[in-house]
Amino acid sequence: MLFNSADYLIFLVLMFFGFWALRRFRAWRVLFLILGSCFFYMSWNRYLILLILYSTLIDWWTGNAIARTSAPRKRKFYLLVSLVTNLGLLFVFKYANFFFDAFNQLAQWLELPLHAPTLQLLLPVGISFYTFQTLSYTIDIYRGQLEPARNLREFFLYVIFFPQLVAGPIVRAVDFVPQLDRTPVPNVREGIDGLYRIAIGLVKKVAFADYLALNVVERVFERPELFSSLECLVAVYAYAFQIYFDFSAYSDIAIGSAKMLGYHMPENFNAPYTARNLQEFWHRWHMTLSTWLRDYLYIPLGGSRHGAWKTYRNLFLTMLLGGLWHGASWTFVVWGAMHGVGLALTRMYQRGRENTTPNRWLEPFGVFFTFHYVCLAWIFFRAPSFEVAASMLQQIAGLSMDCLLYTSDAADE
């Protein structure tokens, strides 16, 4: 059930009226949202809801077990159960074939008589998002930053709440679960704001993202060798805005949908292409992901606490794994590595200028350079293979100016 479909709009209207009709009955409105969210997810595949149920039960049990005991070893054991369960599911369904293929290629190169199988598995929609959400729940309880949810019903709603289930934002339990304690109060302004965000999201998705994808990006990235340097460069710029409009549209619709039901979710984008450096870009782009990576990966790795070079290493590893989180492909790993190197160089530059006065005249250059570095990395994010990425870079470097995109049918042949 896509956000930009008539089915979703009908579903949202039904959820809106049903929710507000039950607003005074806490248990019933929570159950209503759970059933509606299950229907939303099961409209894609009814059986994979079992994975969410399994993950929910494990994290409900481990979260309560961590909260009940003060013994360090037991707390670590229950946390480890949560980590292994969630990351294990993510590995099997999203990354197993990726690593099996890498193993087979290595075995072939070494001429070893070994071969890993290819698993015939369907990738569950949203597994990366709800896995990160449930992990943050148990980790926050372990750190003493969160009390367990009041009951399993409310925790399950946190996991499966339909607006953010498939594409985020990544919502922390510490932000969402307390909202369930309050009886929703109808607010016309909030409802209008929610409708406005949904409308903005639909315009971004349909009028901009889909148009750029169909008319420019897909045609050029399919066979870049057919197009000139100028057209390939335009396609890279078009993809930069396509992916922004696409991701931010889903966030807008999710935030607007939740707001119509009286719930608030965090913002996810804040004019990222106006960032003056790569660090600022990640403070503005997919903000719930970047803060999750910071709090649950970068800081546990050591953050910036152990000297400059370990800080650069931690930045690189965080973004490398962040790239792999986006997709099981070496092109995503390269994309993450590029951002990791870029963030390390940015931090190195900032350290070297800590005692100097910022030069505001250089800020436009910083915006220009940051945007183009991000666009360079987007080539690997979008390209289905290294061959396509290399072809795009080769075409751009050729400096040819012929325009075939709208004057020829060559791309369609």
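Cut-off under 15 Å on the C-alpha distance; same-chain residues fewer than 8 positions from Lys259 excluded. Which aspartates and glutamates are left, in chain and number order?
Asp175, Glu190, Asp193, Glu267
Taking only the Cα atoms of the chain, how large is their convex hull per residue, in Å³? The partial results should precede the final answer.
Working: hull volume 80.7 nm³, N = 413.
Output value, Cα hull per residue: 195 Å³.
Using alpha carbons only, how many degrees (0 to 90, rounded to 10) separate the axis of helix 229-260 from the longest principal axis of the chain?
Approximately 10 degrees, to the nearest 10.
Per residue, how much accessible area does the chain have with a 1.4 Å probe, in Å²? Spell out each step's value before the answer.
Values: 20930 Å² over 413 residues.
For the chain, the solvent-accessible area averages 51 Å² per residue.
Of the accessible area of the chain, with the probe set at 1.4 angstrom, what percent is carbon plus sulfur? Numbers along the way, then the final one.
Numbers: 13550 of 20930 Å².
Within the chain, the accessible surface is 65 percent carbon and sulfur.
Rounded to whole Å, give me the distance from the Cα center of region 207-253 to that of region 1-56.
Each part's Cα centre sits 32 Å from the other's.
Using a simple charge model, +1 on the beta-carbon of Lys and Arg, -1 on the beta-carbon of Asp and Glu, nothing else, what dipole does region 221-374 show about its Cα centre, in debye to the nearest 20?
Details: 12 positive and 10 negative charges, 146 e Å.
Result for region 221-374 is approximately 700 debye, rounded to the nearest 20.
Round to the nearest 10 and report in Å² the accessible area of Val166, as given by a 1.4 Å probe over the protein chains' heavy atoms.
Spelled out: Val166, probe radius 1.4 Å, area about 50 Å².
Which of Ser228, Ser70, Ser55 ends up with the largest GNM mean-square fluctuation for the chain, with Cα atoms connected below 10 Å?
Evaluated over the chain, the most mobile residue of the options is Ser70.
Mind checking the log10 I(q)/I(0) for region 63-142 at q = 0.12, 0.27 Å⁻¹? Debye, one equal scatterer per Cα, no solvent, two decimals.
Debye intensities relative to I(0), on a log10 scale: -0.51, -1.16.
Which is farthest toward the positive dipole end of region 185-245 among Val206, Phe227, Asn187, measuring Cα position about the Cα centre, with Cβ charges +1 (Lys, Arg) and -1 (Asp, Glu)?
Of the listed residues, the answer is Asn187.
Compute, for Glu222, the solvent-accessible surface of its heavy atoms (probe 1.4 Å) with the complete set of protein chains present, and express it in square angstrom to the nearest 10.
Its heavy atoms expose roughly 130 Å² to the probe.
Please give the residues of region 248-270, grouped as numeric ranges, whose backbone N is less than 19 Å from a label point set 7 Å along the Cα-to-Cβ vector of Arg294.
Of the residues in region 248-270, 265-270 have backbone N under 19 Å from the label point off Arg294.
With a 1.4 Å probe and every protein chain left in place, tell me how much accessible area Tyr78 has, in Å² to the nearest 10.
The accessible area of Tyr78 comes to roughly 50 Å².
So for region 112-156, considering every pair of alpha-carbon atoms, how many percent are separated by more than 17 Å? Each step should come with its number before you reach the end.
Numbers: 564 of 990 pairs.
For region 112-156, the fraction of Cα-Cα distances above 17 Å is 57 percent.
For the chain, set up a Gaussian network in which alpha carbons nearer than 10 Å are linked by springs, and say which option among Met338, Met42, Met392 fluctuates the most.
Met42
For Arg23, enumerate residues with amide H under 5 Å from its amide H, sequence gap 5+ or separate chain, H modeled in the peptide plane.
none
When ranked by the protection proxy of mean other Cβ atoms within 10 Å per residue, highest first, what sequence do the peptides 154-160, 30-36 form?
Values: 154-160: 22.4, 30-36: 18.0.
The most tightly packed comes first, giving 154-160, 30-36.
The values are calculated or read from the model by the stated rules, or taken from the named source; none is laboratory data. This structure is a prediction, so every number in the text was calculated from the model and none was measured. Because the Cβ atoms are built from the backbone with ideal geometry, glycine has one as well, and the counts that use them run over all protein chains shown. For accessibility, only protein heavy atoms count, side chains too; no ligands or nucleic acids. Shrake-Rupley method; radii C 1.70, N 1.55, O 1.52, S 1.80 Å.
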